[in-house]
Amino acid sequence: MSQLTLTYFDFNGGRGEPARLALCLGGISFEDKRFAFPEFAEVRKSTPFGQVPTLHVDGVQITQSDAITRYVGKLAGLYPTDTYQALLCDEVLGAVEDITIKLAATFGLTGDALKDARTAFVAGPLTVYLRWLQSQLQAHGGQYFADNRLTVADLKVFGYVRGLGSGNLDHVPTDVVEQVAPLLNAHMRRVGETPAIAQYYARLAG
């Protein structure tokens, strides 16, 4: 087995979380290299594009969060082998990445500028993407996004929905998912109750 080191911020969420969860679910040994936000200025100097997460595989640095998520998903048996189901999985990964980028564009704003940008984000793009994700979930059986089982697509949506309800995003109502796409909240709770995931967060909290 390759030596794996995943480098990402020291919080539970964001682009690194699906890979962390996949590795945990797969029982795959890896170094969970976390750093505090003030350290990012130094950490980013060692990355190709000044961003994280990165994954070192036997010392070779890999960038791009969805590529990392797919790779560890394959290692953990959480990525479809059927090409069409893999396409459905990738579609969801890409959609969540798109809306993550749109939210990220509001970071760094303050005061009324932040409030206006976040309000527009919630009313516009976020609502569109959440409703689409809910429709995809319904179209594929209502439990999972692809392959009739838990995949990294579910882990990515889980992390994003969990973050929206965390209260850590100013001017994003914590009940926005419940109001716009309640099936995604039910999905988040179901994924979070997966024993290995519940135990993972319990360990971190302890």
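The values are calculated or read from the model by the stated rules, or taken from the named source; none is laboratory data. Just so it is clear, the model here is predicted, and its values are computed rather than measured. Positions of Cβ are backbone-derived with ideal geometry, glycine not excepted, and every protein chain shown enters the neighbour counts.
Descriptive notes on the structure:
- Residues in region 72-88 that are surrounded by 14 or more Cβ atoms within 10 Å (Cβ to Cβ) and in a helix (DSSP H, G or I): VAL72, GLY73, LYS74, LEU75, GLN85, ALA86, LEU88.
- Hits in region 155-164 - residues which are within 9 Å of the chain's Cα centre (by Cα) and free of Cβ contacts under 8 Å to residues at least 40 places away in the same chain: VAL161
- Region 165-189: number of residues that are more than 16 Å from the chain's Cα centre (by Cα), in contact (Cβ under 8 Å) with a residue 12 or more places away in the chain and farther than 30 Å from LEU109 by Cα: 1
- The residue of region 131-188 that is farthest from LEU75 (Cα to Cα), among those that are crowded, with 17+ Cβ neighbours inside 10 Å and among the aromatic types (Phe, Trp, Tyr), is TYR160.
- When we screen THR5, THR69 for residues that are surrounded by 14 or more Cβ atoms within 10 Å (Cβ to Cβ) and either in the same structural domain as ALA146 (by TED's automatic domain parsing) or assigned to a strand (DSSP E or B) (or both), the only hit is THR5.
- Meets criteria (among the acidic types (Asp, Glu) and in contact with a Gly (Cβ under 8 Å, 6 or more places away or on another chain)) for ASP82: no
- Some residue of region 45-55 being surrounded by fewer than 19 Cβ atoms within 10 Å (Cβ to Cβ), assigned by TED's automatic domain parsing to the domain that holds TYR71, under 15 Å from the mean Cα position of the chain (by Cα) and in contact (Cβ under 8 Å) with a residue 12 or more places away in the chain: no
- Criterion (modelled with pLDDT of 95 or more and either β-branched (Val, Ile, Thr) or more than 17 Å from LEU21 (Cβ to Cβ) (or both)) met by exactly one of GLY192, GLY111: GLY111
- Selection count where residues are among the hydrophobic types (A, V, I, L, M, F, W, C) and farther than 14 Å from MET188 by Cα, scope region 128-161: 4
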